[in-house]
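Each remark here refers to the structure printed beneath this line.
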Amino acid sequence: MRRRCSLCGGKLNGNICTECGLDNSKNDDQYVTLGNSGHEESLTHTHTEAEKPYEGKTMTRENARKAKNADKNAKKAATKKAAAGNQSYSYTSSSMQQSSRPVKKKKKFGKFLAGFVIIAALAGELGGTIIHEVQNYFEDYTYDDSDSYTEDDPYSDVQEVMPDDGEVYETDLTAGIYKGGVHIPQGTYILTCNGGSGRVELIDSKNNIWTQYYFGDDYEDSQEEVSGFEVFPGCYVVVEDTMELHMMAENAQMDLTGIPNPLTESKVVSDKFTVGKDVPAGVYDVWCVEGLGIFDYVVTVRAGYESYMGMLIGNEESGFPQELKNIVLTDGTEVDLEGLKVELTPSERIESEDYGSFYNNYD
């Protein structure tokens with residue numbers, strides 16, 4: 001059976017429910033519910049103060065964001081303790097690894113969650129009767145299996161036709177975001193890893209495609225070769241961590257769109273910066289000069305719908321990618337660089353100067 005949302009039964013786009021917005025990649029034990037918290041805690045993932053969330057983990061993009069927030073809270077708590085009891089606090093992140101899935105937030109999920117909280121609160125007054133009925137509803141929920149989507153075949157809903165003929169094309173990609181038809185020709189690719197470890201993700205909302213593969217010794221379910229990786233115009237190929245991804249197609253459509261980057265000046269930034277105020281909006285290759293951590297930012301992919309885009313980066317001693325390619329920064333975007341100094345260099349090729357349109361197919 002194809003996967004559905006564990007909360008409302010809605011269809012998933014990757015791990016994100018298209019109906020209620022729930023991230024289904026999380027396990028039930030990652031949440032604190034009203035039923036087990038005495039109505040005192042929210043429906044959200046929690047970390048302990050002592051947790052060092054980067055250490056020894058393969059990080060998803062969502063976990064990277066949460067880990068960073070937890071780390072900030074831990075540092076604040078440790079500072080208070082140090083002031084009170086002359087204690088010290090140190091933090092290391094030497095064993096962090098990354099893979100990712102964008103976090104997507106819908107306004108209507110907030111309304112759904114608020115309604116659910118009200119129901120749960122009433123349940124406390126009515127001896128759990130209502131919450132029992134809600135649980136039974138979702139247990140008995142039946143799905144309409146008329147559509148063709150299956151988890152085993154990420155291309156089962158594709159409406160576009162991939163040409164059989166084209167040119168032989170090969171390229172090597174490192175960490176960054178690449179768009180089909182702009183940076184990568186349309187085609188059916190064979191993927192291999194030239195070195196390092198990491199994850200490649202394919203996102204194409206227009207064709208309802210989301211799939212991911214891992215390469216290298218750092219991942220238990222890593223691949224040596226992946227065939228049938230279909231890149232359509234407008235899709236996104238996200239490469240993460242230290243791997244060098246080799247892509248080869250025999251039917252590549254070489255009619256690439258895009259223009260040369262009108263920006264020419266590089267800029268070194270650290271701590272935090274706001275796009276449009278501290279640096280011009282545009283498309284950049286990000287090079288880590290000092291430190292290691294997360295190039296941390298959120299983009300609006302459409303009205304009321306945001307995606308967390310943070311990616312790990314570090315200096316040459318860090319064991320993380322030192323460069324991120326084709327990072328599109330729109331006006332008003334706030335980037336958090338805690339512990340990092342980076343150089344922003346205009347990328348060679350961009351889709352257009354309408355930078356916000358880059359994300360039109362991301363949700």
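The values are calculated or read from the model by the stated rules, or taken from the named source; none is laboratory data. If you're wondering where the values come from, they're calculated on a predicted model, not measured in any experiment. Virtual Cβ from ideal backbone geometry, glycine too; neighbours counted across all protein chains shown.
Results for (1) on the phi > 0 side of the Ramachandran plot; (2) at pLDDT below 90; (3) of a type outside the set (Gly, Ala, Ser); (4) surrounded by fewer than 16 Cβ atoms within 10 Å (Cβ to Cβ), shown as yes or no for each residue.
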position	(1), (2), (3), (4)
285	no, no, yes, no
288	no, no, yes, no
294	no, no, yes, no
309	no, no, yes, no
314	no, no, no, no
326	yes, no, yes, no
348	no, no, yes, yes
- Among the strands (runs of 3 or more DSSP E) lying completely within segment 143-242, list those that include at least 3 residues that are more than 24 Å from residue 284 (Cα to Cα) and either touching a helix residue (DSSP H, G or I) at 6+ places or on another chain (Cβ under 7 Å) or not small (Gly, Ala, Ser) (or both). 167-173, 187-195, 209-215, 226-231
- Task: Report yes if residue 352 is at pLDDT below 95, part of a loop (DSSP other than H, G, I, E, B) and not assigned by TED's automatic domain parsing to the domain that holds residue 211, otherwise no.
- Result: no
- Query: Among the residues of segment 213-239, which ones are at pLDDT below 95 and either within 15 Å of residue 175 (Cα to Cα) or not assigned by TED's automatic domain parsing to the domain that holds residue 182 (or both)?
  - Reply: 216
- Select from segment 335-349 the residues that are in contact with a Lys or Arg (Cβ under 9 Å, 6 or more places away or on another chain) and assigned to a strand (DSSP E or B) and write down the one among them that is farthest from residue 260 (Cα to Cα). 338
- Task: Please indicate, with yes or no, whether at least one residue in segment 251-266 is part of a loop (DSSP other than H, G, I, E, B), of a type in the set (Asp, Glu) and farther than 28 Å from residue 196 by Cα.
- Result: yes
- Message: Filter segment 331-346 down to the residues that are surrounded by 19 or more Cβ atoms within 10 Å (Cβ to Cβ) and under 16 Å from residue 301 (Cβ atoms) and list them by number.
- Response: 333
- Among the candidates 319, 332, residue that is assigned to a loop (DSSP other than H, G, I, E, B) and farther than 17 Å from residue 271 by Cα: 319
- Item | Test result for residue 251, modelled with pLDDT of 95 or more and under 19 Å from residue 163 (Cα atoms) | yes
